[in-house]
1. Can you tell me which residues in the range 247-281 are acidic (Asp, Glu) and either within 20 Å of the chain's Cα centre (by Cα) or outside the structural domain of Arg176 (by TED's automatic domain parsing) (or both)?
2. Give the residue that is surrounded by the most Cβ atoms within 10 Å (Cβ to Cβ), with candidates limited to residues of the range 204-240 that are hydroxyl-bearing (Ser, Thr, Tyr), more than 20 Å from the chain's Cα centre (by Cα) and at pLDDT 85 or above.
3. For residues in the range 178-201 being over 14 Å from Ala276 (Cα atoms) and touching a residue at least 40 places away in the same chain (Cβ under 8 Å), which is surrounded by the most Cβ atoms within 10 Å (Cβ to Cβ)?
4. Has the range 10-23 got any residue that is part of a loop (DSSP other than H, G, I, E, B), in the same structural domain as Lys65 (by TED's automatic domain parsing), loosely packed, with under 15 Cβ neighbours inside 10 Å and touching a residue at least 12 places away in the same chain (Cβ under 8 Å)?
5. Touching a residue at least 24 places away in the same chain (Cβ under 8 Å) and closer than 19 Å to Gly277 by Cβ: does that describe Thr129?
6. Mind listing just one residue for me: the one in the range 24-56 that is over 34 Å from the mean Cα position of the chain (by Cα) and β-branched (Val, Ile, Thr) and, of those, surrounded by the fewest Cβ atoms within 10 Å (Cβ to Cβ)?
7. With the requirement that a residue be without any contact (Cβ under 8 Å) to a residue 40 or more places away in the chain and among the acidic types (Asp, Glu), what does the range 202-235 give you?
8. Among the numbered criteria (1) at pLDDT 80 or above; (2) surrounded by fewer than 21 Cβ atoms within 10 Å (Cβ to Cβ); (3) outside any loop (DSSP other than H, G, I, E, B), which single criterion is violated by Asp157?
Amino acid sequence: MGFAEAAEVPVVLIGDINRGGVIASLVGTREVISAVECDRIKGFVINKFRGDLKLFDEGVEIIAKRTAWPCLGVVPHLPSAARLPAEDAVILEQEGDGGSGRIKIAVPMLSRIANFDDFDPLRLEPDVTLEMVPPGTPLPGDANLIVLPGSKSTLGDLAFLKEQGWDIDLRAHLRRDGRVLGVCAGYQMLGRYLHDLEGLDGPKGSVEGLGLLDIETEMTGDKRLFEVQGKHLESGASVQGYEMHLGVSEGPDLVRPFLEIDGRPDGAVSKNGQVAGCYLHGAAVGRGGRQTCWVRALAERLQTALWRRRGADLACCGRSRARGP
């Protein structure tokens, strides 16, 4: 309501009948808000109604009479709507982790995390264990891949990430030969510097990034919002998704793009191949379904590393036996 008053926009109240007590909820709201707030409300909607909508005609009349607000509609319950992405990040605390595969992927839950439905397909991958890491918890030492997600405020969540000590955890993860992927704002955080000379995402100025990719990002006033498709360059797997971000990234690591989008390079990969980033949301999903292109590439690298390690162990064991007890 505070936002609506500041922006001088009308308000519609939506009551979820599925929770019960919708009449008392809407009428009670009318009783406790101020007269100014009441005038800003232009009507109410009843949501998630099951069965014949006419059965709630009397309920609509009671609410309209007690509040003096018109009913703008009764929306039927649509089971398929449950498959839509969640709007509020609080759902992440309710869902918990997913999967029990051999590839462990950790995602730090930034304070302003955005587009977190990017990771929903990973919960369905048989090879993957997805761990959403809440604030106050270190990033897991046994993760194979850490993904820095999108954010509603790149600079704000970069500071938050450092406050949590996750920047230290990331460097320890890389020393253990782990992999890091940044998506959109997470990609920008991986760079050396972020420049916000116009104050679009916070105070004007420049801040030091994580320094894990040799790029710098300048926040610009134009926001990109496109649906795109292309391929993951390492695996050749097709990807589709959308771009939605402020800022332009430049730097030496862009000579090794992570993706090719609509015929142009996108993202960057570090020289050693351990760190990568891109601007594409939804990159976890291939064109044919939930196939996760970079997860497949990671699985192949892990398998190769495992066989090399076993070979080294066998060679070491053979040398020990040759020397005798």
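1. To start, the set of residues in the range 247-281 that are acidic (Asp, Glu) comprises 250, 253, 260, 262, 266.
Passing the criteria: only Asp266.
2. Only one residue tops the list, namely Thr220.
3. The extreme case among them is Leu194.
4. Initially, the range 10-23 is screened for residues part of a loop (DSSP other than H, G, I, E, B), giving 10, 20-21.
Now narrow it down to the ones that are in the same structural domain as Lys65 (by TED's automatic domain parsing): 10, 20-21.
Subsequent filtering for residues that are loosely packed, with under 15 Cβ neighbours inside 10 Å retains 10, 20-21.
Remaining after also requiring touching a residue at least 12 places away in the same chain (Cβ under 8 Å): 10.
There is at least one residue in the range 10-23 that is part of a loop (DSSP other than H, G, I, E, B), in the same structural domain as Lys65 (by TED's automatic domain parsing), loosely packed, with under 15 Cβ neighbours inside 10 Å and touching a residue at least 12 places away in the same chain (Cβ under 8 Å).
5. Considered against the rule, which asks whether it is touching a residue at least 24 places away in the same chain (Cβ under 8 Å) and closer than 19 Å to Gly277 by Cβ, Thr129 comes out as no.
6. Step by step, filter the range 24-56, then rank; the result is Val32.
7. Glu208, Glu216, Glu218, Asp222, Glu227, listed by residue number.
8. Every listed condition holds for Asp157 apart from (2).
The values are calculated or read from the model by the stated rules, or taken from the named source; none is laboratory data. None of these values were measured; they are calculated from a predicted model. No Cβ is skipped: glycine too gets one built from the backbone with ideal geometry, and neighbour counts run over all protein chains shown.
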